[in-house]
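Heads up, the thing below is written out as structure tokens.
The values are calculated or read from the model by the stated rules, or taken from the named source; none is laboratory data. Note that the structure is predicted; figures quoted are calculated from it, not measured. Cβ sites come from the backbone with ideal geometry, for glycine too, and all protein chains shown count toward neighbours.
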Amino acid sequence: MIRFSPFRHVACAAALAFAPPAFAAPATSQPVVQEAPLRAHLAFLADDLLEGRGTGQRGGAIAVRYLETQAAAIGLKPANGNSYRQAVRMVGEKTLPGSSLSFDVGGKTLAPQFGADTVFANANGNTETNVDAPVVFVGYGIHAEDEHWNDFAGVDVKGKLLVAMVNDPQPTGAEPNRFGGKSLTWYGRWIYKFEEAVRQGAAGILLIHTTPSASYAWSVPQNSFTHEQFHLAGVAGNALQGWLTEDMARALFSAAGKDLDALRAQAEVRGFKPVELGATVHAHVKSAVRTAEEFNVAGIVPGTDPTLRDQAVIYSAHWDHLGIDPNNVKPDHIWNGAIDNASGAAALLAMAQAAVAHPARRTQVFLWPCAEEQGLIGSQGYVANPLWPLAKTAADLNLDSMNFVGPTRDIGVQGSERSSLRASAERVAGSMGLKIAPPVPDLGGAYFRADHFSFAKAGVPAFNVGSAVFSGDGSFEFVHDQRGSHDKMIAFTKRYHQVTDEYDPAWDLSGMVQQAQFTLNLGYAVANAAAMPVWRPNDAFARVKR
């Protein structure tokens, strides 16, 4: 594990700065993002001292205190009256030893092992939860009127355990664009499926994991569910929710006399009906339950235009990661989250430092949401109780898991095509001598996995500024050593949500500075424009009312 003194590192950050990045910087009258403060903030936020910035943990409290003090030092104005903090109340639940899950099926009992075969938790706030319910396969577990699709048609699933696939129905020759074509839609995300199970009145839901359909390995839900799970206080949740490995699902379906692959094929066809498995689940979930108060951190640079300053552009980057497991006796049990997302949080501080001396016509809000790793809870909390009216919020530009490899000739703006932000992004990229990275199918549903999505659901044009690299295809065009740089990016996917996502002083942060500068330039383009961005008329989120 890399260990260093954060204070020594902050002091010498400027000395570690690399040569100026190979891209066109803005004119000197415009704000310029500096590498030295970005590197110093990144090194500190990812240090062991912050214990992985866990939600409801001491390290998270340190991160919040650091962000608000840095915001004050930079010169940002508090966004919440006299405070930089916005409280977000949530309920935390952690599945305890002694919890069990089994299936009575085909005259025998299957008992999946927690961690190896299944992971599960409750989201109902109870310390003891028992679920005894029939099991039903519901295909993709989707009810989407806009797609004329209902996986629950004809069967009452109230009080039953749902078993569903992740992802969404795949395109066909007859319907090449259904559910976004090759791209994953919101309906394919695990969060949507958990929420839909609640709406259907189900006893709970278990998702069948495969790496291709989820876009990440079993270790990701495994790590998440061995940590405390959080949800917004006051929001109804499932008594049982979690995942099954594909091997465990096959064993369950086989014992029920069903062919999993055949049922998967049936679920691809419009008009699919839920299939009763003739199995009963018995789950006993023992949970450590607590109410926690976490904090979004937000500061503003007031606008200068007498009329437009009542409108705002938001830049966002979540500060949290997976924290520390106090019951883990391994030498390294800190999920430092250097790239995910100390990088974005640090970049936002560096951007704010550049922005305070150069106010725009509209107000600029710098927002660090909490609990993103718990399901975008902090940004959901902000949208539910916005510090700036959503109707007067022009856009949210989000940063998450940034480029630590080196400068590029292009910039990723996937998701911007949903609104007029795409045209603005193209103009800004051109002014910086950058190309727009070619679009790639959003196989992992990246648009729905970061904090900007909370704003999009509320009708605010929003996207995550970055690269398709982090979806695993490595499509950025690097200025130096394309093959080696590509390989470094791809290698990061093995560190994603692992304890090995640690800061490395050898990182070339010129690409991260470039990404931050583009985001800030785009924000200024929006903040100084005559009109606010608008959604494309046929986009799903254009119909959302704020």
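For the reader, a short list of remarks on this structure follows.
- Among the residues of the range 122-148, just one is in a strand (DSSP E or B) and under 21 Å from Ser215 (Cβ atoms), namely Ala144.
So that you can scan it fast, the table gives a plain yes or no per residue for (1) touching a Cys at 6+ places or on another chain (Cβ under 9 Å); (2) modelled with pLDDT of 90 or more; (3) in a loop (DSSP other than H, G, I, E, B); (4) surrounded by 18 or more Cβ atoms within 10 Å (Cβ to Cβ):
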position: Phe470; (1), (2), (3), (4): no, no, no, yes
position: Arg483; (1), (2), (3), (4): no, yes, no, no
position: Ile490; (1), (2), (3), (4): no, no, no, no
position: Arg495; (1), (2), (3), (4): no, no, yes, no
position: Tyr503; (1), (2), (3), (4): no, yes, yes, yes
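- Of all the residues in the range 358-400, those that are assigned to a loop (DSSP other than H, G, I, E, B) and among the charged types (D, E, K, R) number 3.
- Wholly enclosed strands (runs of 3 or more DSSP E) of the range 218-329 bearing at least 1 residues under 28 Å from Asp156 (Cα atoms), out of contact with any Lys or Arg (no Cβ under 6 Å at 6 or more places or on another chain) and modelled with pLDDT of 95 or more: 241-245, 275-301
- Among the residues making up the range 401-410, a single one is touching a helix residue (DSSP H, G or I) at 6+ places or on another chain (Cβ under 7 Å) and part of a strand (DSSP E or B): Thr408.
- The residues of the range 230-267 that are in contact (Cβ under 8 Å) with a residue 60 or more places away in the chain and in contact with a Ser or Thr (Cβ under 8 Å, 6 or more places away or on another chain), listed by number, are Phe230, Ala233, Ala239, Leu240, Gly242, Trp243, Leu244, Thr245, Met248.
- Filtered residues of the range 419-440 (kept if free of Cβ contacts under 8 Å to residues at least 24 places away in the same chain and touching a helix residue (DSSP H, G or I) at 6+ places or on another chain (Cβ under 8 Å)): Arg422
- Single residue of the range 122-153 satisfying the filter (within 28 Å of the chain's Cα centre (by Cα) and among the acidic types (Asp, Glu)) that is nearest to Lys273 (Cα to Cα): Asp151
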